[in-house]
Structures are given as structure tokens and as C-alpha cells.
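Enquirer: Handing you this structure, nothing more for now.
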């Protein structure tokens, strides 16, 4: 079986589209279609179901991808690293949400290295859960940090840690609301407080409201900025309320720059997952990074 055909097949399987696979491979879409048809003729079974938007793998296609993808990844790794004396320094491609990756993940991957080096070069990129998992599936990343557990056999995931979400604001907002008011009145006490968020859909605030108050926020976002660190800065400046991970605002809470407006019996939690392509933990640099993150995460919970 031609390895070039298998590589094209795995790329289509990961991308979910002939068009996207063609772009990743640097081929034309007709060339990709032709290679998949050739492989299907060789196997004697269809590998994909063509749909209006992209393709869906058949059970045979899923089985072949599960068997072939890890070995193809290993071959690509060998080809890219070569057999030169310094080829042990592999490049680890990492992706995850900007704040958690910057505050937690990158220090955990760089601090253990010390003066001896960590045995791999590191390249990091940021994105949403969907973006980083799609990039991992397409082979752009080696490790992905996601708040969504990936589905399917091509990706495997390990629960890394849970983060606690806290409703915070500057002290003068807590004084204005009044001690003990929120437990009695619920979210109605917060209706006049400006809302700070990372997106117009209010993902953090809406999740907190649903979990703690069993309701939806009634006020739209006043300040929207796509980075939780900037949201914290705005909250510290007194711009309004925000829902933030404890790890991100713990120092500000300790310094009194912001205060927790509510202390629910069961605080909202969100789980982070460490995802890889199935089979790639056989590669030493990926396995080492995976081990370091699991070890560090024991202190994050």
C-alpha cells in the first residue's frame, strides 16, 4: 500500500474535508480526491461518505485511520528530525487557551529543564477548545490543552485538573451591594453592576449564573476583551464584576484588589484535558512533556 496515499487519507480523516486536506498537503482538491479513490479501489471498500459539507469516515475508514495514523506520525517525525547528531532536540508543538497555557502550562514545561535543557524545543500557540483540537487532529500540534474532552479514536485525553470559578469585583462594589445581600436576594442584587467578559456570549458569567443561581444573566457585557488577564485588570480597576478562575485571581484576592462577591457551597468547576493523537505518546519528547504536565497538575487542583 502506497504510504503517500495513506498520508493523504489520514489528512482527510483529520481535516474532515477534501478541500482542507488539500490545503494542508499543498495539493489540489482533484488530486486528493483521486488519491482517496485509488486507495478505496485498493482496499475494495469506501473510506468516506461524501456530504454537502466535508466527508464522514466509514467504519472501515475509522479503523484504518486508528491503525495507520500513529505510525505515519512517527515516520514524519523521523523524516523531519533526520539522523544527525543533534537530532535529539525535537520540537514540541503545543496549543491551548492563552491564560491557562501562559500561567500554568508553559512554566511547567520550562522550569524542569533547568540548565541541562528539556530535550525538546517548544512552540506554543493559543486558541479555543475547538481550534486546538482541530489543529491537533490535523497534525499541527503534538499536545493540546482543552476544556472539551475530544471524541473519536484518533485523539486520546487525560483529565489534567479542575479550575474553580469565582465571582469577583473591586471592594467598592462589594460595599455597594452589601454584605449578605447576595445570598438573600440572588442575582437581582447584581443587576446594576457592569459585567466584564471575554466574549459577547458571556461564557464565564453565564456558566456561573446557571450553576449557582439556576438562572441566566440579564445584563449584557459592558467590557468585552478576549483575555481573562485583561478582564482581571479591568475588575481590579473597578470596572465591574467578573467570573475568573481562582488560579488567575488568587494574588489579587490576597492583596485585596478584588473580593469574592459570593461563596457558594459548591463552586463551579471546569475541567482541563490534556489531549494527544492516539499513539504519539510513544515519541519521547511528547511523552516527557505529557509526564511533566501531569506531575505539575497535581499541585494545581
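Enquirer: Out of the range 234-251, which residues are within 19 Å of residue 98 (Cα to Cα) and in contact with a helix residue (DSSP H, G or I) (Cβ under 9 Å, 6 or more places away or on another chain)?
Expert: Result: 235, 242, 243, 244, 245, 246, 247, 248, 249.
Enquirer: Within the range 36-55, work out how many residues are touching a strand residue (DSSP E or B) at 6+ places or on another chain (Cβ under 8 Å), more than 11 Å from residue 6 (Cα to Cα) and surrounded by 12 or more Cβ atoms within 10 Å (Cβ to Cβ).
Expert: Residues that pass the stated criteria total 3.
Enquirer: To continue, here is another question. Which condition number does residue 213 fail, the rest of (1) out of contact with any strand residue (DSSP E or B) (no Cβ under 8 Å at 6 or more places or on another chain); (2) over 19 Å from residue 173 (Cβ atoms) being met?
Expert: The number of the failed condition is (2).
Enquirer: Is it true that residue 152 is without any contact (Cβ under 8 Å) to a residue 24 or more places away in the chain and on the phi > 0 side of the Ramachandran plot?
Expert: Answer is no for this residue.
Enquirer: Just to be sure before I move on: is residue 168 assigned by TED's automatic domain parsing to the domain that holds residue 263 and in a loop (DSSP other than H, G, I, E, B) in the structure I sent?
Expert: No: the conditions fail for residue 168.
Enquirer: In the range 13-34, what count of residues is obtained for those that are within 23 Å of the chain's Cα centre (by Cα), in contact (Cβ under 8 Å) with a residue 24 or more places away in the chain and in a helix (DSSP H, G or I)?
Expert: So the answer is 5.
Enquirer: If you don't mind, another one. Inside the range 130-152, can you point out the residues that are out of contact with any helix residue (DSSP H, G or I) (no Cβ under 9 Å at 6 or more places or on another chain) and assigned to a helix (DSSP H, G or I)?
Expert: Those that are out of contact with any helix residue (DSSP H, G or I) (no Cβ under 9 Å at 6 or more places or on another chain) and assigned to a helix (DSSP H, G or I): 130, 131, 132, 133, 135.
Enquirer: Let me ask another. Restricting to the range 44-68, count the residues that are within 15 Å of residue 8 (Cα to Cα) and assigned to a helix (DSSP H, G or I).
Expert: 7
The values are calculated or read from the model by the stated rules, or taken from the named source; none is laboratory data. From a predicted model like this one, the values you see are computed outputs, not experimental measurements. For neighbour counting, all protein chains shown are included, and Cβ atoms are generated from backbone atoms with ideal geometry for every residue, glycine included.
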